[in-house]
1. For the range 327-362, what are the residues that are in contact with a helix residue (DSSP H, G or I) (Cβ under 6 Å, 6 or more places away or on another chain) and at pLDDT below 80?
2. Give the number of residues within the range 340-359 that are within 27 Å of Asp296 (Cβ to Cβ), without any contact (Cβ under 8 Å) to a residue 24 or more places away in the chain and part of a loop (DSSP other than H, G, I, E, B).
3. Looking at the range 304-320, which of its residues are open to solvent by less than 30 Å² (accessible area, probe 1.4 Å), aliphatic (A, V, I, L, M) and at pLDDT 80 or above?
4. Return yes when Leu120 is at pLDDT below 95, under 16 Å from Trp78 (Cα atoms), of a type outside the set (Gly, Ala, Ser) and buried (at least 19 other Cβ atoms within 10 Å of the Cβ) and no when it is not.
5. If I ask for residues that are assigned to a strand (DSSP E or B) and at pLDDT 85 or above, which ones from the range 272-302 would you list?
6. Got a number for residues in the range 174-207 being within 23 Å of Val151 (Cα to Cα), part of a loop (DSSP other than H, G, I, E, B) and either within 14 Å of the chain's Cα centre (by Cα) or of a type outside the set (Val, Ile, Thr) (or both)?
7. Checking Ile319 against (1) within 24 Å of Glu222 (Cα to Cα); (2) part of a loop (DSSP other than H, G, I, E, B), which test does it fail?
Amino acid sequence: MTKITICSNQVPILVQENREIAEASGQSAFSFDAKTVKKVVAQPSLTTIMGPCIHVGYSLSIPDVLSKAVTCVRSAGWQVKVIPENFHDAPTSTRSPKVQKVDREYEYLCMDWERDSTPLEVRDSNHTVVAYINVLGDDEGAEPWIKVKCVSQQAVKFMQDNLKEWFLLVNVSHVETNVEFHIQDYQLTATTGGDNLRTYFKLIPAGSENVAAVALCAYQSEATGFAGPTVEHIETAKEYQHQGLGIALLERIVAFYRLMFTKIVSSSKDVRLHATAVSSSDTFEWFQERGFRDDDGLGEELSISLNEVTAAAEAPYIIRQCMGLRKNGTRCSTTSEDSSTEADPLCYGASKFCLTCQQDRQA
């Protein structure tokens, strides 16, 4: 695999196989910020539930999502603190105090607050903090999801029971799990956790302490604002290159999230695995060859549907241009859209070269 680099707003996204293992010397074998990974710590007592509005064609705004969740929780007898103590905007309504409170809360939720740092605190009947309500999705064109971090299984059940009328919910447990990996003699683990929820995938050879490949995934695209799993970083260490580990790791990530979001995917909602802020043509082509769709027409935002039927239907429409060079030094103009047999190797990602360029390279 060639060096491939993606840059996101916060974490560099890489598909790269040019870094040496340096665990013994205490240096990181990989290029991303090690501090980010250290924050992804399994906490088995915690579970985050998340999902979109259940009603087809019914699009809720971020304030609406939060308000619906607050109303559902309060109706069941638990408390939700919406307005923080340091918010002193005085009510101007002449309506009843109860209605004024609802109006002020909605007004507060409509404000452009950094909600990632100010989730809504939920307390049970004993006044114990048991959950934190937030949203995923921050763009006008993105459908927001509800996101609730629960501190106990009792809280998980309560929130699921009382939010299921409005939201399709899946559980994201803050645990470390073993993930099936089809290449023998390798073990893949997925650790989920952290205040800014992420899942850290780590691939190690059997019987070794070396790390062969890693990936870091968030649950919202920072670049587009869309809710859903997002590859922020994927990288293979130098000594494990040219074995197909990066491709196999990405395939397992797709399978991992297809299983996690089965409940939503099986409905009419399309959940996508994103790869955003792609900064090189090599990276763009690498993801395209794995079935990712060009979402913005610029080769910067890509995604693949977690619905296998939808993903398969989208894949044939990926346009690939031959990577070969003509004798005059210009790039070959043959693409996968061409109807001639010349383009056959390009059509389904079998090769990066058309038949003529393949023959020229072998000559």
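The values are calculated or read from the model by the stated rules, or taken from the named source; none is laboratory data. Quick caveat, the model's predicted, so the values are computed rather than measured. So basically every Cβ, Gly included, is an ideal-geometry build from the backbone, and we count neighbours across all protein chains shown. Accessible surface is based on the protein model in full, side chains and every heavy atom, while ligands, DNA and RNA are left aside. Shrake-Rupley method; radii C 1.70, N 1.55, O 1.52, S 1.80 Å.
1. Gly349, Ser351
2. 2
3. Ile304, Leu306, Ala311
4. Yes; evaluated as a whole, the condition is true for this residue.
5. Correct list: Arg272, Leu273, His274, Ala275, Arg293, Asp294, Leu302.
6. Going through the range 174-207 one residue at a time, the tally reaches 5.
7. It is condition (1) that Ile319 fails.
For every residue, the table says whether it meets (1) buried (at least 17 other Cβ atoms within 10 Å of the Cβ); (2) more than 19 Å from Tyr257 (Cα to Cα); (3) of a type in the set (Val, Ile, Thr).
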position: Leu136; (1), (2), (3): yes, no, no
position: Ser152; (1), (2), (3): no, yes, no
position: Ala155; (1), (2), (3): yes, yes, no
position: Leu168; (1), (2), (3): yes, no, no
position: Val172; (1), (2), (3): yes, no, yes
position: His182; (1), (2), (3): no, no, no
position: Tyr186; (1), (2), (3): yes, yes, no
position: Thr189; (1), (2), (3): no, no, yes
